[in-house]
Amino acid sequence: MAKTCYDCGKCPAYCCSYPEIEVSKADIARLARHFGVSEAQAEERYTKLQREENVRILRHREDEHFTSVCMFLDRTARRCTVYEARPHTCRSYPYGARCGYYEFLKFEREHQADEGFVATT
Ligand code: SF4
Ligand code: SF4
């Protein structure tokens, strides 16, 4: 496997701010097992319907850095609270050795000489 050029541990979890993170039936079933609830309850509690595309997406809530973030993001630690049960899309992202946002973030932090700077797009 190629060495990754990004460090999620130093990132404010920009990818978790994507407004439409699609979840499949299998993703909902995994979340249901994780929380010990029925699949219907998991679907209702953790997802909502994106009507135009007729797909289920993760629910969001407000965030201090981005417009909103996934409801499962720990907004202080900037970590996924359901990491072992996270949806397939979250497992695959960023689909390679590089993360465009992380490169942008790294550039901005170097430019501003501020390791804690949070870049918004
Ligand atoms: S935006 Fe990139 S570096 Fe940041 S948490 Fe997501 S995958 Fe990791
Ligand atoms: S499930 Fe976890 S990894 Fe996926 S968007 Fe939500 S907080 Fe991020």
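Which one of these does TYR95 not meet: (1) modelled with pLDDT of 95 or more; (2) open to solvent by 60 Å² or more (accessible area, probe 1.4 Å); (3) farther than 26 Å from GLY116 by Cβ?
Looking at each condition in turn, TYR95 falls short on (1).
Under 8 Å between Cβ atoms, which residue pairs at least 6 apart in sequence (or on different chains) link something in segment 94-121 that is farther than 12 Å from ASP7 by Cβ with a partner that is acidic (Asp, Glu)?
From residues that are farther than 12 Å from ASP7 by Cβ, the pairs are PHE117/GLU108; ALA119/GLU108.
When you scan segment 59-74, how many residues do you find that are buried (at least 17 other Cβ atoms within 10 Å of the Cβ) and within 14 Å of ligand 1 (Cβ to nearest atom)?
Residues that pass the stated criteria total 6.
Under 6 Å between Cβ atoms, which residue pairs at least 6 apart in sequence (or on different chains) link something in segment 48-62 that is within 15 Å of CYS90 (Cα to Cα) and free of Cβ contacts under 8 Å to residues at least 24 places away in the same chain with a partner that is charged (D, E, K, R) and surrounded by 11 or more Cβ atoms within 10 Å (Cβ to Cβ)?
ARG59/LYS48
Which residue out of ARG86, ARG79 is within 21 Å of TYR6 (Cβ to Cβ) and crowded, with 17+ Cβ neighbours inside 10 Å?
ARG86
Listed here are the residues, each with its yes/no results for (1) at pLDDT below 95; (2) open to solvent by 70 Å² or more (accessible area, probe 1.4 Å); (3) away from ligand 2 (no atom under 14 Å from the Cβ).
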position: VAL23; (1), (2), (3): no, no, no
position: LEU31; (1), (2), (3): no, no, no
position: ASN54; (1), (2), (3): yes, yes, yes
position: GLY100; (1), (2), (3): yes, no, yes
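From the set of residues in segment 8-21 that are under 12 Å from LEU105 (Cβ atoms) and open to solvent by 60 Å² or more (accessible area, probe 1.4 Å), which is nearest to ligand 2 (Cβ to nearest atom)?
Here is the first cut: in segment 8-21, the ones under 12 Å from LEU105 (Cβ atoms) are 8, 10-15.
Going one step further and asking which of them are open to solvent by 60 Å² or more (accessible area, probe 1.4 Å), we end up with 8, 10.
Working: CYS8: 9, LYS10: 16 Å.
Among those residues, the one meeting the criterion is CYS8.
The values are calculated or read from the model by the stated rules, or taken from the named source; none is laboratory data. On a predicted model such as this, the values are computed, not experimentally measured, just so you know. Counting neighbours? That spans all protein chains shown, and the Cβs are built from the backbone with ideal geometry, glycine included. Heads up: the accessible areas ignore ligands, DNA and RNA and are worked out on the full protein's heavy atoms, side chains in. Shrake-Rupley method; radii C 1.70, N 1.55, O 1.52, S 1.80 Å.
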